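Values quoted throughout were computed directly from the atomic coordinates according to the rules given, and no laboratory measurement underlies them. Predicted model only: the values in this text are computed from it and were never measured. All Cβ positions, even for glycine, are placed from backbone atoms using ideal geometry, and neighbour counts span all protein chains on display.
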Amino acid sequence: MEPDHPSIYIGSTTVGSDIAASVECGDLSFADTTAEGIDAINAAGSLCCVVTDHDPPAIDCFELLEAVELPVIVATTNGSSELATRALRAGAETYIDPSTIPQGRTAVAAAIDHCCAAQSKGSGAVDDRIEEFSSLVSHELRSPIQKATSGIALAKAQCDSEYLDEVESTLTRMDSLIGNLLDMLDETDSAINLEPVDLAAAIDDAWPAGSNATLSVETDLPTVEAEPSRLYQLLENVFRNCLDHGGQNVTVTVGTLTSADTDVPTGFYIADDGPGIDTDDQPQVFEYGYTTSSEGTGLGLAIVNEIADTFGWEITITDSEAGGTRLEIDQCNII
Amino acid sequence: MADNSDKTILIVDDEEMVAESYELYLQDDYNTIVELSGGGALMELDQREVDLVLLDRRMPGMSGDVVVEHIEKWEMDFQVVMVTAVDPDIDIVDMPVDGYLTKPVSEDELVDAVERALAIKQYEDLIAEYNQLAEKYEILTAEFSSRELSSRDRFAELESQMDEMEAEIAETVEQFSDSKLSDAFSRLH
C-alpha cells in the first residue's frame, strides 16, 4: 500500500506537537512562519494538507490559501464566526477553533486524517475505474477476436485462400494493439510502489520463454529501485522489440552503465545485433504510433519510455557495437 | 511426447465456433467432447471419465468459475485449464485450475497448455506411486538387514521398480518446455 503523505503545521511548535501526537496517517512537520511553511511545501514531493493558524507571522491564512493548491485546514486559536465564513469561502478545507471544542487538538488531528483518507479514496476510485474499464476492454474485444480466429482456423480446414492468412495476420495485429492498450491503461494506475528489484532476476523473468534468441547478461547487474510489475513490462517490451526487429536468432546483451568519473553503476543497457535503427529515426522511436514494421503497433517503446519516466529514469537510444540497437537506461536509483 | 490418444478432453465454451476450433486443434491426438454450457459440462462430467477440461470462464448461465467450484467439491481427479478473455487477477491463486490461457489462443498455445497440464498430472501420479514404494522400502530396510533383503526376490523387484520410476519421472520432467518448471520439479523429486 502507498504510504500516507506527510502534512505541515504552520504555527506554534507546542500546539503542532500536540496535534502530531494524535495524527494517525502520515507525519506532521512544523513551520514557525507561513513563509517557512510555503518553502517546505515547495520542497516536499507530495503532501496531504497544510494546517495553519489564522494569523501566523507575516502572511495570514488568506494569503496562504491563494499561494498553495493543497487542502488547507485553518485551525485558529482566536476565531470568530465571521473568520470561519471568510476562510471557508476562500477555499479552506475546514475551519476549526480548538479552543471552543473539547479535545480541540485531537479534532484538528482528525481533520488531517480525514484529508488523507479522502485523498487515498480518490486515488483508489480512479484505479478502480481504470481496472473496470481495462477488464471490459480485455473481455469485450478479445472474445470476438477469439471467435474470428477460430472461424479462420475452421475455414482453413475447409479451403485454401491467401485472404485467410491476411485476415489472420490482421487479427494478430489487433490482439497486439489491445495488449498494448491494456498496458497503457495499467500505466495510468496512480499508485507507484518502488522497491529494490534484483535486475538480473527481473531480466531472467521477462526474457521470452522458449525463444531461440540468445540472452547475454553481465554477471554483476545492480539492484535498482523500481516497481516490479512495471519493470517487467518495460523489459518484456524491449525484449519483444529486439526479437520482432532482430529476428528469432538475435543476440541481446544486457550490461551495467557506470558513471564516467567514479565507475559507480548508474543504470543499464540492452543492446542487440539486429538491423538497428537509422540515426534520423532514433529520436522518434519513443513516440506513440511510431513503427517501421507492418506488424508493429508503435506502442511498445512508447510504453517503455512512459515507465522509465515514471521511475525517474533517463532513456536514450543509440547504435550497438554489433550494428544493432542499444537502449541505455540511466539515472536509476541503484540500491 | 507421450502417446495421448487414449486421453479424453472436454471442451466447454458457449461460442460454438470457438469450441469447434479447439476440437480441430486437438482431435488428431486426443478424444474430444464439446459442451456449450457450464451446466452441460457438469452433466457430461457426471457421466464420463475425462482427463482434462478446457473451460471458458464467462458463459451465460453457469460460469466457468462455478463449474470449477463443483469440480473441486465433487473431488474430481482431472486437469482443468481455463481458456478465457478475462485477464488473470490475484483471484486465480484460489482457483482450482491447472492452467490459465488468455484468449485469443493460437493452436500452438492451446496444444502446449494441454500437453503441459497432462504432463503435470502424469508427474503427480508418478510421484504419488513412487512415494508409496519408497515408504515400503523404508519400512523393509528398517526391519531387515541388507543381507536378509538381498536374498528376497520381491525386494529386488521393488528396488528395480523404484529405479524404473525414477527414470520415468526424470523423463516426464524433461518434457516440460519451460525450463523453470522443469528445474522446479527436478528439485522437488
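Determine, for A:Thr34, A:Thr172, A:Thr219, A:Thr291, the number of other Cβ atoms within 10 Å of each Cβ, and report the residues in order from fewest to most.
Values: A:Thr34 24, A:Thr172 15, A:Thr219 7, A:Thr291 19.
With the sparsest Cβ surroundings first, the list reads A:Thr219, A:Thr172, A:Thr291, A:Thr34.
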**OP:** Measure off 7 Å from each Cα along the Cα-to-Cβ vector at B:Glu44 and B:Arg154, then give the distance between these two points in nanometres to one decimal.
**Re:** 4.5 nm
Subject >> Assigned charges on the beta-carbon of Lys, Arg, Asp, Glu; the protein assembly as shown dipole about Cα centre (debye) >> reply: 1320 debye
Subject >> Estimated FRET transfer efficiency when R0 is 56 angstrom, pair A:Ala118-B:Ala142 (beta carbons, to 0.05) >> reply: 0.25
Original post:
Of the peptides B:154-161, B:47-54, how do they stack up when ordered by the mean number of other Cβ atoms within 10 Å, highest first?
Top reply: B:47-54, B:154-161
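Would region B:1-48 count as rounded, prolate or oblate if I go by the C-alpha gyration tensor, calling it rounded below 1.5 in a/c and otherwise prolate when a/b exceeds b/c, oblate otherwise? Show your work: numbers first, answer last.
Working: a/c = 3.57, a/b = 1.35, b/c = 2.65.
The shape class here is oblate.
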Original post:
Residues with amide H under 5 Å of A:Asp273's amide H, sequence separation 5 or more or different chain, H placed in the peptide plane at 1.01 Å from N; which?
Top reply: A:Thr251
Subject >> region A:6-32 and region A:93-118: distance between their alpha carbon centers, rounded to Å >> reply: 12 Å
Original post:
Using the beta-carbon distance between B:Thr8 and B:Glu72 and R0 = 35 Å, what value does 1/(1 + (r/R0)^6) give for FRET efficiency, to the nearest 0.05?
Top reply: 0.95
Subject >> Ordering of A:258-265, B:77-84 by packing [mean C-beta count within 10 Å, highest first] >> reply: B:77-84, A:258-265
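Just tell me how shielded B:102-112 is by partners: mean number of partner chain Cβ atoms within 10 Å of each residue's Cβ, no decimals.
On the way: counts 5, 11, 14, 3, 5, 2, 1, 0, 0, 0, 1.
Average per residue, whole number: 4.
What is the order of A:Lys147, B:Lys103, B:Lys136, fewest Cβ neighbours within 10 Å to most? Mind showing how you got there, number by number?
On the way: A:Lys147 19, B:Lys103 25, B:Lys136 13.
Lowest to highest Cβ neighbour count: B:Lys136, A:Lys147, B:Lys103.
Across the residues of B:15-23, average count of Cβ atoms on other protein chains within 10 Å? Show your work: numbers first, answer last.
On the way: counts 6, 2, 8, 9, 1, 5, 11, 2, 1.
Per-residue shielding by partner chains comes out at 5.
Using the Cβ atoms and a cut-off under 13 Å, what net charge is assigned to the surroundings of B:Asp14, where Lys and Arg are +1 and Asp and Glu are -1? Write down the numbers at each step before the final one.
Working: positive: A:Lys147, B:Arg57, B:Arg58, B:Lys103; negative: B:Asp13, B:Glu15, B:Glu16, B:Glu20, B:Glu35, B:Asp56.
Residues near B:Asp14 contribute -2 overall.
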Subject >> Distance between modelled label sites at A:Thr13 and A:Thr316, nm, 7 Å Cα→Cβ extension >> reply: 4.6 nm
**OP:** Quick one: which residues, 5 or more positions from A:Leu28 or on another chain, have an amide H under 5 Å from its amide H? H modelled 1.01 Å from N in the peptide plane, none for Pro or chain starts.
**Re:** A:Ser7
Original post:
Which of rounded, prolate, oblate describes region B:1-128, given a ≥ b ≥ c as roots of the alpha-carbon gyration tensor eigenvalues and a/c under 1.5 marking rounded, otherwise prolate only if a/b is larger than b/c?
Top reply: rounded
Subject >> Computed label-point distance, nm, for sites A:Lys156 and A:Tyr290 using a 7 Å Cα→Cβ extension >> reply: 3.4 nm
Subject >> Percent RCO, i.e. relative contact order, over region B:52-171, from Cα pairs under 8 Å lying at least 6 residues apart >> reply: 20 percent
Subject >> Modelled FRET efficiency - R0 25 Å, A:His139 with B:Val93, Cβ distances, 0.05 increments >> reply: 0.80
Subject >> Dipole axis of region B:28-94 (+1 Lys, Arg; -1 Asp, Glu on Cβ), positive-most option in B:Ile90, B:Val80, B:Gln47 >> reply: B:Gln47
Original post:
So for the protein assembly as shown, taking the charge dipole from beta-carbon charges (+1 Lys/Arg, -1 Asp/Glu), which of A:Ala117, B:Ile33, A:Gly79 sits furthest toward the positive end?
Top reply: A:Gly79
Subject >> Cα long-axis angle, helix A:228-246 against chain A (0 to 90 degrees, to the nearest 10) >> reply: 30 degrees
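Just checking the output field for A:140-152: average partner chain Cβ neighbours within 10 Å of each residue's Cβ? Numbers along the way, then the final one.
Working: counts 1, 1, 7, 10, 4, 3, 13, 9, 3, 8, 14, 5, 1.
The shielding value for this peptide is 6.
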